[in-house]
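The values are calculated or read from the model by the stated rules, or taken from the named source; none is laboratory data. In this text the structure is predicted, and so the values were computed from the model without any measurement. Cβ atoms come from the backbone with ideal geometry, glycine included; neighbour counts cover every protein chain shown. Surface accessibility is based on the protein's heavy atoms, side chains included, excluding ligands, DNA and RNA. Shrake-Rupley method; radii C 1.70, N 1.55, O 1.52, S 1.80 Å.
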Amino acid sequence: MASRAAGELPMERTGAPFHLLREDDGGGDAKGRHEAPAPNTVNDDGGFSVNNSVLTRNNANNGPYPEGDCQRFFRVVVPLVAGFACIMAIVAVFTIFLARKHKHGGDDGGNLPVIIQEWEYVNFTSNCGEPFIVENNVITGIKAYNGTIYLTVPRWKPGVPSTLNSLYLGPDGAASLKPYPSCEWQRIGDANALQYVQSMEIDPSGRMWIIDVGRMNFATSTPINQVPPKIVIFDINANSVIRMYNFTNKVAPHNSSFLNDIVVDYQRKWAYISDTGAEGGIIAYDFNSNTARRFSDQSTQIDPSLGFVIAGVDYGTQNFTSPADGIALSPDGKTLYYCALHALKLYSVPTKTLQNMTKTKSEISSEIVLLVEKESPSDGLTTTSTGTIYYGGLTTASVYAISDPGKPSQRTTTIFHDEETMQWLDTFAFDEEEGTMLWTTNQLQRYFTTPTNYIGPPRIPMRIFSLKIDEQSYMRTS
């Protein structure tokens, strides 16, 4: 079956947070006992003992009945055994707690995400007349608006019939991808259609800001560079195009760029795009003037010494050499965060610096701040309405949160971890109708290095997670 039924799948990996049960020590010291008198002697209190076996009459501390050796044994040993059992029970509970925390929970023991959809392989409601090579299709980008989830399928390789889609649930609950806005928009080689969409953003008014890489099949030896990269701004509610803008070769080189991710300051109508092609870069697009500029320096490039170990497999330093990738925007629109995929450093830069088209490369570089060294290399980033930055650890199978970025109180916490289901967290989104943050995982390390074994049971490489949070998208300020 192509996918699991929709709806929250609590599975064994989800559920209520697991709390450590604390028990008080069960009894303290065993009650004292009187020393047995010598055989066949009379005690001071009138009691007697015969051969230290029977009938030591007890004082008020020992109860109303005489106590022999057997009774004394049980009185002393049973509490010791019970105490030992209690200690072992506490150790067992604590061990289970730690194991569950390692696999599932975060630093704060808060609520856990659920899987709302998972795929063994991608299928479409229509192939749009295009070739379909099932193992070349992988879900990456995700966004949600007005109850609909939108997903992208990169055209890294041939045989991808539709690159931008909505999530469609059939009568039996099975999920498939429906080409969006239509099959006509998926035509390969048509400069007015979508060639390869890696990601998009949807602002609160329902405008989808789509970045079209233009280039296709560049994960093969025969890339196609026929159509220039562009940004398409599409009105979801009106089902119509607002703007289509082709980037110049200087801003997004037509033979080497890779427009990867996008964030939008929808009030000021600026978009910021990460370019993962060549040495990496950041593109700033101004809707009002319909112009764009590019910036790149050492901060957008890779760390060539960084190695990747994912799910116990050592991929070395040469498999995932992607520069500028993750990108996020502060809720006030004043600070842009970004990082290379193949690096640990997360940087920030004032957006007013990028918006000033007269600023030189060196002037922009002088205003860049190293925000933090992340716990792991990451792909996508996002920010919330309170300014918290979220990212996914590629080598740790975890979600992290950076609270109060850039302030003395800045802190990184682990939100969730699962070695099996969290391999390669790709993109974040917000479903504000449900009050959740969404993200995709897709095991891209296997897609690129072992493509013939990427799909099919028992493997389930693609998933959508949903996490209840008390925050909204960065585009909705608190």
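Things to note:
- Index of the failed condition, A193 passing every other in (1) open to solvent by less than 10 Å² (accessible area, probe 1.4 Å); (2) touching a residue at least 24 places away in the same chain (Cβ under 8 Å); (3) more than 22 Å from the chain's Cα centre (by Cα): (2)
- Flag if A292 is touching a Phe, Trp or Tyr at 6+ places or on another chain (Cβ under 6 Å) and either in a strand (DSSP E or B) or within 23 Å of I202 (Cβ to Cβ) (or both): yes
- Pick from the stretch 244-289, criterion closer than 21 Å to M216 by Cβ, among the small types (G, A, S) and not in a strand (DSSP E or B), ranking: most open to solvent (accessible area, probe 1.4 Å): A278
- Filtered residue count, the stretch 360-374, keeping only those that are part of a loop (DSSP other than H, G, I, E, B) and surrounded by fewer than 17 Cβ atoms within 10 Å (Cβ to Cβ): 3
- On inspection, T386 passes the criterion of being over 16 Å from K345 (Cα atoms), surrounded by fewer than 23 Cβ atoms within 10 Å (Cβ to Cβ), touching an Asp or Glu at 6+ places or on another chain (Cβ under 8 Å) and β-branched (V, I, T).
- Subset tally (residues that are of a type in the set (D, E, K, R) and assigned to a loop (DSSP other than H, G, I, E, B)) for the stretch 295-339: 4
- Condition check for P158: in contact with a helix residue (DSSP H, G or I) (Cβ under 9 Å, 6 or more places away or on another chain), touching a residue at least 12 places away in the same chain (Cβ under 8 Å), open to solvent by 30 Å² or more (accessible area, probe 1.4 Å) and of a type outside the set (A, V, I, L, M): yes
- Contact map, the stretch 354-378: first residue over 25 Å from Q423 (Cα atoms), second residue open to solvent by 80 Å² or more (accessible area, probe 1.4 Å) and in a helix (DSSP H, G or I), Cβ cut-off under 8 Å, separation 6 or more or different chains; pairs are S365/Q298.
- Pairs linking a residue in the stretch 215-233 that is touching a residue at least 12 places away in the same chain (Cβ under 8 Å) to a residue that is among the basic types (K, R) and not in a loop (DSSP other than H, G, I, E, B), with Cβ atoms under 9 Å and 6 or more positions apart or on different chains, are I231/R243; V232/R243; I233/R207; I233/R243.
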